[in-house]
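Please read the structure below before turning to the comments.
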Amino acid sequence: MNAQYEMSSEDVSRARLAVLKREHRDLDEAIAALSEQSLTHSLSLLRLKKQKLLLKDRIARLEDDLTPDIIA
């Protein structure tokens, strides 16, 4: 019994969403740690914050794709 399991596109999107949320959380922790240092590297901090915002946008798009449209 060699059953193969293929993930639906929704399953793939949900898995990708989980990965992006984890990356976003990790960036948040990295930003907090860098901000606590006495000699903060402002360029590094700005890059991390920009990357975090980009991830947030990707997360929002994926969540929007996964949420069914409700016709009122």
Most mobile listed residue (LEU20, LEU62, LEU34) in the chain, GNM with C-alpha springs under 10 Å:
LEU34
For the chain, take the longest principal axis of its alpha carbons; what is the angle in degrees between that and the long axis of helix 42-66, to the nearest 10 within 0 to 90?
20 degrees
Taking the 0 to 90 degree range and rounding to the nearest ten, how far is the long axis of helix 9-36 tilted relative to the main principal axis of the chain, both from C-alpha atoms?
10 degrees
For the chain, alpha-carbon Rg relative to the globular expectation (2.2 N^0.38 Å, N residues):
1.57
Can you tell me the accessible area per residue over the range 8-66, all protein chains present, probe 1.4 angstrom, in square angstrom?
75 Å²
Extension reserve of the LEU45-GLU29 stretch, reckoned as 0.36 nm per residue once the Cα distance is removed:
4.6 nm
When the accessible area of the range 8-66 is computed with all protein chains present and a 1.4 Å probe, what percentage of it is carbon and sulfur?
52 percent
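The values are calculated or read from the model by the stated rules, or taken from the named source; none is laboratory data. Here the structure is a predicted model, which is why all the values come from computation and not from measurement. The accessibility values were calculated without ligands, DNA or RNA, using every heavy atom of the protein model including side chains. Shrake-Rupley method; radii C 1.70, N 1.55, O 1.52, S 1.80 Å.
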